[in-house]
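Shown next, in structure tokens, is the structure this report addresses.
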Amino acid sequence: MSFEPRIIAFCCHHCAYGAADLAGVLRLQYPANIRIIRVPCSGRVSEEHILWAFANGADGVCVSGCLEGDCHYQSGNLRAGKRVRILRNRLWDIGLEPERLRMFNISAAMGSAFIGLMQEMTDVIRALGPVAGSGGAR
Amino acid sequence: MILARPRQVSSILAGLGGARRLAVIGCQECVTVCQAGGRKEVSCLAHLLRIAGLKEGLPLMVTEATVARQCDTAYLAPLDPLVEQVEACISLGCGVGVQFIAERYPGVPVIPGVDTVGGGGTTAPGVWEERCAMCGECVLDQTAGICPVTRCAKSLLNGPCGGSSGGMCEVDPDLPCAWEMIYRRMKERKSLDDLRSIRPPKNWVSSRSGGLRRVIREDAMR
């Protein structure tokens, strides 16, 4: 049986979640591997949330916020982006592929772009394989 | 406060020596302020260790705990039942906390989760700077409140060396020369004459060369 990854998508209520909603209204299909968690702002997603997801069976995590300059809380998406960048280094340090953690910036009008990103994320993680049993630390 | 920075998780993993039941112990004092070893950092490190175990296919059982102060045995006592259950502890306290835990639980390996840097404070959000080298005999009254022991790369006590250029240190062009700072502040205070006064040499016996230093206050003793 082929490997089906579990991917957690933290989506900002104002933008990325709107994009996912729009994709639904447009009846666009996207992989069932994606589990969306709506957050008030991508800046709300802390390192703990992301690491908890990986430690509890997620094979990939993406944090999706508003386009840069469009954050409804001014800089939450920038903070989230910085956090993701630093955390990717920490994941690399323990031997986990940084590609498993991504930050996306999209607007609520970008329904089809959201689908494309989720498809791409799923393809990347499917190619990487599961986290569990993927080998020892670096 | 004591400044510390997190160690790489890979080096912590390398020091586990086959231990699979672990306790990650944080401290709510200085290392919480410099975001190296508080409750949140404990949680993140514990998750990273769990992920590393998951990857390896040999799960690590990681328990999290954060105490009010690791440098105080009274706060360590509640950890006793937890440490009994584990094969190794990772302390996110400063070097003092690591040693206090190791002293209380001599049979359990204790791995430092942070590198302890020194005495300092917050200068900007996310920036912490050393201010005190803990040399044991303070000279700040003679140097306009600027510590040459800490700030000068050579810890000079009698003015700048020849490497001071344009107010900056030769060791790092972004590092202000401590003696230039002292001179300017004394000039501002119109107390430059104080620099001319002859002082006895600083007593370095109370610094780092005499082994373990103790602070004893009879009035605080039982």
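Summing charges over all other residues whose Cβ lies under 15 Å from the Cβ of B:Met168, with Lys and Arg as +1 and Asp and Glu as -1, gives -1. Seen from all directions on average, the protein assembly as shown presents a Cα convex hull projection of 25.0 nm².
Between A:Gln74 and B:Asp80, the FRET efficiency from the beta-carbon distance, with R0 = 45 Å, is close to 0.45. Compared with the dominant principal axis of the Cα atoms in chain B, helix B:39-56 is inclined by about 50°. Per residue of A:56-64, other chain Cβ atoms within 10 Å of the residue Cβ number 1 on average.
What are the residues of the stretch A:115-138 that lose 20 Å² or more of accessible area, with a 1.4 Å probe, going from their chain alone to all protein chains? Residues meeting the cut-off: A:Val131, A:Ala132, A:Gly133, A:Gly135, A:Gly136, A:Ala137. The accessible surface of chain B, taken with every protein chain in place and a 1.4 Å probe, is 53 percent carbon and sulfur. Along the stretch B:120-134 the Karplus relation, 6.51 cos²θ - 1.76 cosθ + 1.60 evaluated at θ = phi - 60°, assigns HN-Hα couplings of x, x, 7, 9, 7, x, x, 10, 10, 10, 6, 10, 10, 8, 6 Hz to successive residues, with x for each Gly and Pro. What FRET efficiency do you get for B:Lys40 and B:Arg196 if R0 is 56 Å and r is their Cβ-Cβ distance, rounded to the nearest 0.05? After rounding to 0.05, the efficiency reads 0.65.
The Kirkwood hydrodynamic radius of the stretch B:70-222, based on inverse pair distances between different Cα atoms, is 19.0 Å. Each 5 Å bin from zero holds the following percent of Cα-Cα pairs in the stretch B:47-146: 2, 10, 16, 17, 15, 13, 11, 7, 4, 3, 1, 0, 0. Working note: 222 nm ellipticity from helices only, DSSP H runs with n ≥ 4, each -39,500 (n - 2.57), summed and divided by the residues of the protein assembly as shown, gives -9500 deg cm²/dmol to the nearest 500.
Rg then Dmax, both in Å and based on the Cα atoms of chain A: 14.4, 45. Be a star and scan the stretch A:81-101 for residues whose amide nitrogen sits under 18 Å from the point 7 Å along the Cα-to-Cβ vector of A:Arg35. So the set is A:100-101. Ligands, DNA and RNA are left out, and with a 1.4 angstrom probe the accessible area of the stretch A:34-113 is 46 Å² per residue.
Using a probe radius of 1.4 angstrom, the carbon and sulfur fraction of the accessible surface of the stretch A:10-91 is 49%.
Once you sort the root eigenvalues of the Cα gyration tensor of the stretch B:140-216 as a ≥ b ≥ c, which label holds: rounded (a/c under 1.5), prolate (a/b larger than b/c) or oblate (the other case)? In terms of gyration-tensor shape, oblate. Using the average count of surrounding beta-carbon atoms within 10 Å as a protection proxy, the listed peptides B:188-199, B:4-15 rank, highest first, as B:4-15, B:188-199. Neighbours of A:Gly57 by Cβ distance under 13 Å: Lys/Arg scored +1, Asp/Glu scored -1, total +3. With a 10 Å cut-off around each Cβ of B:40-51, the average count of Cβ atoms from other chains is 6. Heavy-atom accessible surface of chain B, averaged per residue, reaches 57 Å², computed with a 1.4 Å probe.
For the stretch B:13-71, the fraction of alpha-carbon pairs lying more than 16 Å apart is 43 percent, rounded to a whole number. Please report the net charge: other residues with Cβ closer than 15 Å to the Cβ of B:Arg69, K and R +1, D and E -1. Local charge sum for B:Arg69: -1.
On association of chains B and A, roughly 1800 Å² of accessible area becomes buried (total for both chains; probe 1.4 Å). The A:Ser2 and B:Glu64 beta-carbon pair, evaluated with R₀ = 35 Å, returns a calculated FRET efficiency of approximately 0.45. Label 7 Å along Cα→Cβ of B:Lys154; the stretch B:168-206 residues with amide nitrogen under 11 Å? Output list for this probe position: B:170-171. With a ≥ b ≥ c the root eigenvalues of the C-alpha gyration tensor of the stretch A:1-54, is it rounded (a/c under 1.5), prolate (a/b larger than b/c) or oblate? Oblate, because a/c is 1.5 or more while a/b does not exceed b/c. Across peptide A:91-104, the average count of Cβ atoms from other chains found within 10 Å of a residue's Cβ is 3. Could you name every residue in the stretch B:7-24 that has 40 Å² or more less accessible surface in the full protein assembly than in its own chain alone (probe 1.4 Å, ligands and nucleic acids excluded)? Residues shielded by partner chains are B:Ser10.
The values are calculated or read from the model by the stated rules, or taken from the named source; none is laboratory data. This is a predicted model, so every value here is computed, not measured. Neighbour counts are summed over all protein chains in view; Cβ atoms, including those assigned to glycine, are modelled from backbone coordinates with ideal geometry. Remember, those area values only see protein heavy atoms, side chains included, never the ligands or the DNA or RNA. Shrake-Rupley method; radii C 1.70, N 1.55, O 1.52, S 1.80 Å.
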